[in-house]
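As structure tokens, the structure follows; a few thoughts come after it.
The values are calculated or read from the model by the stated rules, or taken from the named source; none is laboratory data. Model, not experiment: these values are computed from the prediction. Using ideal geometry, Cβ is built from the backbone for each residue, glycine included, and neighbour counts are taken over all protein chains shown.
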Amino acid sequence: LKTQNVDALEQYGPKHPKVERLRSQVNEIQSLIDTERKRMVERLRNDYVAARGREKLLAAAVAKEKVGVGALSQLLIQHNLLKREFDTNQQLYDSLLQRLKDATVSAGLRATNIHLVDPARPPKVPVRPQKLYNIAVSIAVGLILGVMLAFVKEALDSSIKSIEEAERVVNAPALAVVPLEREIPHRAARSLTRNNGTSKPGDAELALLKQPSSALAESFRTLLTSVVLSTAPRPPQVLLITSATAREGKSTTALNLAIALAQRGDSTLIIDADLRRPGIAESLDIDDGEGLASFLTGAHSIEAALRQFSPVPTLWVLPAGPKPPNPAQLLSSSAMESLLKELRQRFKFIVIDSPPVLPVTDAMILSTFVDGVAFVVESGVTARGAVVRARRVLENAGARILGLVLNKVDVRHNGYYGYYGHYYYSSGSGKTKRTPASESVSSHLQG
């Protein structure tokens, strides 16, 4: 039809009736072809979808059958194992039954040849328990376990106990050894607490005033000697007292060192720079309403903040004052630096009690303003790792560590018993002897 349509179109033109009839037939047949093609495609699609559905059903059935076959295989394996175990047990049972029969027959045929020779007699002494033996073994085992536990405890203890160990860890000389008050001889009453110190909290802080003849007071005089001679010929004017962690005795050390300097007749100032947990004012029983914090914030003048300690007129106190919200910012301010420059002109010695190094940054900040740092270490408590970290913090800040103070030392177990018990005390009067070091520091200060 298409060929005829093309021939008629060339012969008669597009408007001829024959051409139009052929064109109409061609379009009609083409429409039938398209309709039939769509119908066949739809039928094939339906067949394909049905085949896919049957395939999925068959695959699910095959998977289910595989699971069933697997379960059946497991059951078959268990059956074989149980059957084999049953056969083994059956053979063992038959063997034991045969042996039992043989033993029964042998026992029946054996003739008895046992005769009583001598009747048994009960012992006069009980065989068990052996009390002496058990006591001796218990004592021996207890001693062995006690020694082992002591060695284990010693191995697990990482605290600093001796001067040599402290000097090695801090990498600085020992300035003084401060003993535990309860371990010092020639005392009428001894404390039951580790308060370096005495049983009363205020006795240790003011040992040079309340117990001037005690070994505790003499240890702080030794600290004075060591500090003054540490930077000979010119002693450090501004000294920072700190420690790695809290409650190692730094405030007590700072207070007694300041009192020892003031008792020499030198104008001495102690500054309570621990703005977070101040304690100097409480130990000296003075008002803490105005102090370092209020001066640095501009609330009061330095004259209003300074306090003179009446028992030692040459000792002045700058308490911490009210607790500020930002201690580190106040201590690192230019006002703090200017204050220390002004106080250097007014006092011969300045002792600063600071917070511990590791918990806060206050001590690191203050170490940049002073001439030297005295590091307090509590014997038997402070861990070596804490001391090493604190030393590195101070060294990184550029601090000059003059030495360490080994505090709360058990003089009976660390080899200092005779040192504190006999060298510093006379047998009759109870007065302290004047050591060559004390005479040296006296002449050094006067010079």
Look through region 122-141, keep the residues that are basic (Lys, Arg) and part of a loop (DSSP other than H, G, I, E, B), and return whichever of them is modelled with the lowest pLDDT. 128
Determine if region 396-412 includes at least one residue that is out of contact with any strand residue (DSSP E or B) (no Cβ under 9 Å at 6 or more places or on another chain), assigned by TED's automatic domain parsing to the domain that holds residue 278, over 22 Å from residue 278 (Cβ atoms) and aliphatic (A, V, I, L, M). yes
Of 268, 245, 222, which residue is within 14 Å of residue 175 (Cβ to Cβ) and of a type outside the set (Lys, Arg)? 222
Residue count for region 371-389, restricted to those that are of a type in the set (A, V, I, L, M, F, W, C) and buried (at least 24 other Cβ atoms within 10 Å of the Cβ): 6
Taking region 117-173 on its own, how many of its residues are within 20 Å of residue 380 (Cα to Cα), of a type in the set (Val, Ile, Thr) and free of Cβ contacts under 8 Å to residues at least 40 places away in the same chain? 2
Of everything in region 10-20, what is at pLDDT 75 or above and surrounded by 13 or more Cβ atoms within 10 Å (Cβ to Cβ)? Give them in sequence order. 16, 18, 20
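Can you give me the ranges of the helices (runs of 4 or more DSSP H) entirely in region 170-261 with at least 1 residues that are at pLDDT below 90, in contact with a Phe, Trp or Tyr (Cβ under 6 Å, 6 or more places away or on another chain) and crowded, with 20+ Cβ neighbours inside 10 Å?
215-230
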It is to be established whether one or more residues within region 264-279 are surrounded by fewer than 24 Cβ atoms within 10 Å (Cβ to Cβ), under 37 Å from the mean Cα position of the chain (by Cα), part of a loop (DSSP other than H, G, I, E, B) and at pLDDT below 90. no
